[in-house]
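The values are calculated or read from the model by the stated rules, or taken from the named source; none is laboratory data. None of these values were measured; they are calculated from a predicted model. Here Cβ is always computed from backbone atoms with ideal geometry, including for glycine, and neighbour counts include all displayed protein chains.
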Amino acid sequence: MNANESSDRSGVNPSELSRWQKIRLVIKVVELRLRFVALMAITGLAFAYWDELRNRYEKWTRPAHVHQAVASGVEYYCPMHPQIVQEQPGACPICGMPLARRKKGQKEALPEGVTNRVRLTDSRVEQAGVRTAAVGYAPLVETLSTVGYVAFDERLVANIVSKAPGKSRVEKLYVNFTGENVVEGQPLAELYSPEISQAIQELFTASQFAAPASAGGQFARSFEKDGRALAAASIEKLKHWGVSQEQIDDLLRKGKPEFNLTILSPLSGHVFKKNVVQGQEVGESTVMFEVISLHSVWIQAQVYEHQLGLVHEGQAIEATVESFPGERFSGKVEFIQPHLDPTTRSVEVRFALPNPGHRLRPGMYATVTLRTPVADLPAFQAKRTVSNPAVAAVVRFGLSKAEQKTCPVTKAKLGSMGEPIQVEVSGGKVWTCCAACPPKLKANPARYLSQPAAAPPGQVLSVPESAVIDSGPRKIVYVETEPGVFDGREVVLGPRIGDRYPVLEGLAEGDKVAAVGAILIDAESRLNPAAPPAAPKAASAGRHQHGG
């Protein structure tokens, strides 16, 4: 724009303006440009600080009591549903219980036994692939396998010795080689003993004097009595030297004093050792034969120290040997050595097995399998698996607050959530911990007042192996207490059986555990801890969990 155009529009010729008017005109042009720059700067600042301006606006327009709560740095939360947090007092929209007050940023104390708490949104649960499984009872069986060797049953071993005094000669052998099978009462050898022959001659002489006298009076009767006593003494001597009553009767019936002592087998089996040959002289107590029966055999095996709890006398076992693949031999635990081998840290266990057909031979290696129901282990017999001791308590009617101690709905200690409330239900009165419990108790009294069902026979509480986080000194399982809320609980578990762990302490039937994705939840708890470590036992009374 030139000077002529400016003068035409304003109707004033610049050449005709005074000096002061020219200065005012310059100031107006600068002012217009500064206004444009200021407007642009204000617009930019508004965009840059929009969130702060909005927050300040909400603060100025907020009601007075809310403003006071925010100013004091407090917030209100539901102890049962920790995800419910708001800045004004009121009731929980889920369970209806009054909201508790705390300082902003303060973490709620965790219940006893809970190590941490993780809250995940539905999308995070889906992304992590978290899947839950209900804790339940199962007939778990612990299997123990060990290797041993087949041995003789020591109760079926007999050493056959010469009982005749002095030297005896082996006149005849009926068993001529080691390993020959014999039956009970079968002759093994014949011995000639001068001492036995002399005793037999004395028996015959005494027998003649002992014969009833037809005459002779008192002297003859006295002689007869002495003969009988001598005959009885001879018979006892012969029996002591190994001559049986049947052999003595046979001798007296034949009337011939010539006699060779026949050695008989005391049991059926096989000759394990043959220590004599025909014509050999043997002395008193010389072992001539060793006979062993294989109708029953032992398997001797070693069980390590930590496995002893799985073995008890009378327990059924199964054994296999390489000679008969696929075939199982049944038996039982017969004896457990009372001492431990300090070198191998193991105990010798003896298993007894019947052996028809003598198929199991001493010296064979055998694999023994024992199956022990976990419910029969001492640890599970001594303890009943419950997540909270209060669960096992049966609520009775008409008790005082001190006598009842716990709320039947939440299992929390009475007084931990405020003044207890007495409720009349099912014809009696019981105490509850807060105002949210009576409606639930009245709606389903059988659920909260009945005694928990006992564990099925032979079954134990168990969780999947994938649900257990093993950190070494302790084992953690994440239990879903609310949708998206997982509590890490320290548990006591038994030995792993297949893909499951039996539970001793820390869980109850029906608890939902993270069976898939537990590792991801544990990692989340370490990166973003939602609560401090569990409070001491004295503070555990604040635990409050309503049934659904």
All positions within segment 111-147 that are among the β-branched types (Val, Ile, Thr), buried (at least 19 other Cβ atoms within 10 Å of the Cβ) and either assigned to a loop (DSSP other than H, G, I, E, B) or touching a Cys at 6+ places or on another chain (Cβ under 7 Å) (or both)
Val130, Val135
Do you know which residues across segment 261-273 are surrounded by fewer than 20 Cβ atoms within 10 Å (Cβ to Cβ) and either in a strand (DSSP E or B) or assigned by TED's automatic domain parsing to the domain that holds Phe351 (or both)?
Thr262, Leu264, His270, Phe272, Lys273
Which of the numbered conditions does Val66 fail, given that it passes all the others? Conditions: (1) farther than 30 Å from Cys434 by Cα; (2) at pLDDT below 65.
(1)
Tell me, which strands (runs of 3 or more DSSP E) wholly within segment 282-366 include 1 or more residues that are in contact (Cβ under 8 Å) with a residue 40 or more places away in the chain and out of contact with any Asp or Glu (no Cβ under 7 Å at 6 or more places or on another chain)?
287-292, 296-304, 316-321, 346-354
Looking at Ala319, is it touching a Leu at 6+ places or on another chain (Cβ under 9 Å) and surrounded by 15 or more Cβ atoms within 10 Å (Cβ to Cβ)?
yes
Scanning segment 348-390 for residues that are in contact with a helix residue (DSSP H, G or I) (Cβ under 8 Å, 6 or more places away or on another chain) and buried (at least 17 other Cβ atoms within 10 Å of the Cβ), the one modelled with the lowest pLDDT turns out to be Val386
Tell me, please, whether a residue that is out of contact with any Leu (no Cβ under 9 Å at 6 or more places or on another chain), surrounded by fewer than 16 Cβ atoms within 10 Å (Cβ to Cβ) and either modelled with pLDDT under 95 or outside the structural domain of Leu264 (by TED's automatic domain parsing) (or both) can be found in segment 287-294.
yes
Can you run down the residue pairs with Cβ atoms below 6 Å, 6 or more apart or on separate chains, where the first is in segment 158-170 and part of a strand (DSSP E or B) and the partner is among the small types (Gly, Ala, Ser) and buried (at least 16 other Cβ atoms within 10 Å of the Cβ)?
Ser168/Ser162; Ser168/Ser193; Val170/Ala189
Got a sec? Which of Lys440, Lys475 is within 25 Å of Ile84 (Cα to Cα) and charged (D, E, K, R)?
Lys440
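Do the conditions hold for Gly179, that is, is it at pLDDT 90 or above, within 30 Å of Asp499 (Cα to Cα) and outside the structural domain of Val503 (by TED's automatic domain parsing)? Before the answer, list the steps.
Numbers: at pLDDT 90 or above: yes; within 30 Å of Asp499 (Cα to Cα): no; outside the structural domain of Val503 (by TED's automatic domain parsing): yes.
Spelling it out, it is not the case that Gly179 is at pLDDT 90 or above, within 30 Å of Asp499 (Cα to Cα) and outside the structural domain of Val503 (by TED's automatic domain parsing).
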